[in-house]
Amino acid sequence: MTDVRVRFAPSPTGPLHMGGVRTALYNWLFARAHGGTFILRIEDTDQGRFVEGAEAYIEEALAWCGLSPDEGVRPGGEFGPYRQSERSAMYREAVQELLDKGLAYEAFDTPEELDALRKAAEPDVFQYDAATRGQLRNSLTLGAEEVAALKASGAPYAVRFKTPDAAEEVRFEDAIRGSVGFQSSVLDDKVLMKADGLPTYHLANVVDDHHMRISHVIRGEEWLPSAPLHVLLYRAFGWDHPVFAHLPLILKPTGNGKLSKRDGDAGGFPVFPTNWTDPKSGDTWPGYREQGYAPEAFVNMLLMLGWNPGDERELFTAEEAAKEFSLERVVKSGARFNPDKAKWFQEQHLRNAGSEAHVNALGGLAQAKGVSWDAAQCKDVLDMMLERVAFLPEILDTGWLTAAPTEFNAKLVRKKWKDETSGYLNDLAQVLEGVAEFTSENVEAEFKDFLEARELGFGQVLLPFRIALTGEGGGPSMFDFAAFLGKEETLARLAQGIEVVEAIRAAGE
Ligand code: GLU
């Protein structure tokens, strides 16, 4: 394969939707898989839709996902500038080339004239194209003198692409969809340069992809209808076009239609990588980062929305995925987003990273809540709790980890706590009092000896022991937890637990 150079080319018109992040990810993976270059190009020629802060948001969100570009506004590179607003001279030159070749023309029709044509055509749709341009006010129909006079008088005009006169089938190979064909007669004569002298998306995109030596254009399916025009533009310039690959849409959880911002609001899940505050309204939209997702989990979830390794595996780091990524394994049909699955990826990544990886983060979260756990305590807590949560902060929400329980599951108490239970626990407390080294193993051994000596079953004592220490019926190993609490606190909780539970039982009678 020739040098692989791919680009992610967002317009800074707002935050990056997770579909956009997936496009960036697939480009990044493709570059990594082929030892290529990943470029970030900012397509900011549409001044009307420019949103303050959007470019910085895009860069920060990509950095959080670990998808920083090799070339772009920040890292620089030899094919810059990487903001389209700084490349105007190149677009002017390109447009002039097409005008000189007779493959583009100047159109003087005013917005009012075009509106009138649209109205007159209703209910049909008026199109400025090979069939109509011969009757309109452009440099193909007006004489050279008139064109010169109009220009001299400062009349505004747009430059339009001259689609082929004779209808033909425009065909190209899409790396995901296979051979794709369009009839050129359905294409209109798209504006390449607007009256304000700024290029449109189509012109700037093609000119930049050529000059930046882009080998593969990997982008969302919504750009598929533009691809034939782009193929014709490359031909008009006499350039080879890059390989096109149009990614499937990300669908709503119901599978009906494209996932939107509103679906996130309705379903209570973010559609943006990080929080976004609209600079005009001040409204903030939630992001995966702020909801506690690990970037690795978010990226893994996006990876599997449209790609698969050909077998059942689902858990990948970006580096692992880069070794296997290929466009052939990207699906053609829409990929349905499932918020529960997103959470599942988070759980898996949290666990698979192991306790050690989270010690510092948990220490920070604890400190913020006024709990001072040292590194060893954080590790113990993580060993007990990592399997039981999806997000680290949930650990600190588990009240009994940091203080004796104040709430007891009364229903459980009534069902499981018998008249003799408190007596068993008091006796157990005495046994535990004598344990010199209060480790999990020693507590467990003493506990088992106690059961054996008293001919009691595990269930008769272990669940009440758990209720006394935590107030709840489920959780980590109570031997681990007792060792974490230490002898003094374990015995204090046992005594207090028995007291509160007896009060609950008395009240229930
Ligand atoms: N600026 C376009 C966008 O916002 C880029 C499309 C493309 O990749 O060609 O999606």
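Bear in mind that the values in this text are calculations on the coordinates, not laboratory data. Quick caveat, the model's predicted, so the values are computed rather than measured. Neighbour counts run over all protein chains shown; Cβ positions are idealised from the backbone, glycine included.
Quick rundown of the values:
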| read-out | value |
| --- | --- |
| Relative contact order, percent, the stretch 117-213 [alpha-carbon distance under 8 Å, six or more residues apart] | 25 |
| Cα-centred dipole magnitude for the stretch 390-509, charges only on beta-carbon of K, R (+1) and D, E (-1), debye, nearest 20 | 480 |
| Two-site label geometry, Val431 and Asp397: point separation in nm, points 7 Å out along Cα→Cβ | 3.6 |
| Inter-centroid distance (Cα atoms) of the stretch 28-73 relative to the stretch 181-213, Å | 21 |
| FRET E, pair Glu441, Asp70, Förster distance 30 Å, beta-carbon r, rounded to 0.05 | 0.05 |
| R0 of 30 Å, Cβ-Cβ distance Glu146-Glu86: FRET efficiency to nearest 0.05 | 0.30 |
| Over the stretch 87-180 - Rg/Rh using Cα atoms and the Kirkwood inverse-distance radius | 1.05 |
| Sequence ranges 423-430, 461-468, 256-263, 285-292, ranked by mean other-Cβ count within 10 angstrom, highest first | 461-468, 285-292, 423-430, 256-263 |
| The stretch 256-261 - phi-based ³J(HN,Hα) in whole Hz, Karplus 6.51/-1.76/1.60, Gly and Pro as x | 9, x, 6, 5, 10, 3 |
| Charge-dipole axis of the stretch 137-254 as Lys and Arg at +1 and Asp and Glu at -1 on Cβ define it, positive-most pick from Ala175, Ser139, Tyr201 | Tyr201 |
| Euclidean distance of C-alpha centroids, the stretch 450-509 and the stretch 101-156, integer Å | 86 |
| Rounded tilt (10° steps) of 458-470 against the dominant C-alpha axis of the chain | 70 |
| Calculated FRET value between Glu452 and Ala495, using beta carbons and R₀ = 25 Å, to 0.05 | 0.55 |
| Protection proxy ranking, peptides 340-352, 307-319, average beta carbon neighbours within 10 Å, highest first | 340-352, 307-319 |
| 0 to 90° range, to nearest 10: angle between helix 201-211 axis and the chain longest Cα axis | 90 |
| Value of relative contact order over the stretch 333-431, rounded to a whole percent, pairs C-alpha under 8 Å and six or more apart | 25 |
| Mean Cβ neighbour count within 10 Å, used as a protection proxy, ranking 175-183, 93-101 highest first | 93-101, 175-183 |
| Stretch gain in nm, segment Lys411-Glu112, where the contour uses 0.36 nm per residue and the Cα spacing is subtracted | 100.1 nm |
| Ellipticity estimate at 222 nm from DSSP helix runs (n ≥ 4, -39,500 (n - 2.57)) divided over the chain, nearest 500 | -13500 deg cm²/dmol |
| Length-normalised contact order of the chain in % [C-alpha pairs under 8 Å, at least 6 apart] | 12 |
| Among beta bridges that DSSP assigns inside the chain, antiparallel share in %, nearest 5 | 55 |
| Extension gain from Arg262 to Arg177, taking 0.36 nm per residue of separation minus the Cα-Cα distance | 27.7 nm |
| Charged-residue dipole, Cβ positions (Lys, Arg, Asp, Glu), the chain about Cα centre, Debye nearest 20 | 1040 |
| Computed lengthening from Val125 to Ser333, 0.36 nm per intervening residue step minus Cα-Cα distance | 71.9 nm |
| Relative compactness, the chain, computed as alpha-carbon Rg over 2.2 N^0.38 Å | 1.39 |
